[in-house]
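Before any comments, here is the structure.
Any read-out appearing in this document is the output of simple, stated calculations on the displayed coordinates, not a laboratory observation. Note that this is a predicted model, so its numbers are computed, not measured. Here the Cβ is made from the backbone with ideal geometry for all residues, glycine too, and neighbour counts use every protein chain on show.
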Amino acid sequence: MSDVHLNTMCDVAEVVIQNVPDNPGIAADIFGALGAKGLNVELVISSPGKRNRANIAFAVSEKDVDAAIEVVNNMKDTLQFDSISSRSNIAILTLSWHMLSGQPGSGGRLFSALSRAGINIEAIATSLSSISCMVKVSQIDEAEKVLKKEFDVVSEA
């Protein structure tokens, strides 16, 4: 598949906001406030919790993690979340190609290739044309090598 592309981003941290209300406008409030402070969010993952609550995870540059946590903590009264945590030394790899959604088994192929190499996926996000995974930064070079081989990818600079 010569139209397959792989992008990687290192020096990323994951921030997880746990148990926020699952209501319209919550994500707008969070990411609007982060953007207003000049913080760029690289990846967002939301998952439903229990009793109309949700967990929202996002990736920011490692240098911005403390500022992002401060922004979200300053909204605690409004957002009414339970806790916020972060993980450092995370990298993001994104495999993309036109019409990914029309290629059954692509996700399984990607996840299997990483698994065979002993690489644990910390988080996953997908779209119609891409699959993004967070992995430990210490494993990003191996992950890139494995996926280049599996998918015959073209790396992006």
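Calculate for the chain the 222 nm mean residue ellipticity that helices alone would give, adding -39,500 (n - 2.57) per DSSP H run of length 4 or more and normalising by residue count, nearest 500 deg cm²/dmol.
Per the formula, -8500 deg cm²/dmol.
Pick out, from Val137, Ser112, Ser86, the residue whose Cα sits farthest towards the positive end of the charge dipole of the chain, with +1 on the Cβ of Lys and Arg and -1 on the Cβ of Asp and Glu.
Towards the positive end, the residue furthest out is Ser112.
Pull out the extension gain between Phe31 and Asn52, defined as 0.36 nm times the separation in residues minus the alpha carbon to alpha carbon distance; nm, one decimal.
5.6 nm
Add +1 for every Lys or Arg and -1 for every Asp or Glu among the other residues with Cβ under 15 Å from the Cβ of Gly35, and state the total.
-3
Could you please report the charge total around Asp64, scoring K, R as +1 and D, E as -1 over all other residues with beta-carbon less than 13 angstrom from its beta-carbon?
In short, -4.
Would you list Ser96, Ser83, Ser112 from fewest to most Cβ contacts within 10 Å?
The fewest-first ordering by Cβ neighbours comes to Ser83, Ser112, Ser96.
In vacuum, with every alpha carbon of region 117-157 counted as one equal point scatterer, what does the Debye formula give for log10 I(q)/I(0) at q = 0.28 Å⁻¹? Two decimals, please.
-1.18
Given 5 Å bins starting at zero, what is the percent of C-alpha pairs of region 9-127 in each, up to the one with the largest pair distance?
Histogramming region 9-127 at 5 Å steps yields 2, 10, 20, 19, 18, 13, 11, 6, 1 percent.
If you take every residue apart from Val20 with its C-beta less than 11 Å away from the C-beta of Val20, what net charge results, scoring Lys and Arg +1 and Asp and Glu -1?
Residues close to Val20 contribute a combined charge of -1.
With both bridge residues required to lie in the chain, what share of the DSSP beta bridges run antiparallel, to the nearest 5%?
Of those bridges, close to 95 percent are antiparallel.
Kirkwood hydrodynamic radius for region 17-75: how many Å is it when counted over pairs of different Cα atoms?
Value: 11.8 Å, from the Cα pair sum.
Give me the count of lysine pairs in the chain whose alpha carbons sit under 20 angstrom apart, restricted to pairs 8 or more positions apart or on different chains.
Here the count comes out as 7.
Fewest Cβ neighbours within 10 Å first, please rank Met9, Met134 accordingly.
Met9, Met134
Counting just the Cα atoms, what span does region 1-43 cover along each of its three principal axes? Round to the nearest Å and put the largest first.
Result, largest extent first: 42, 22, 18 Å.
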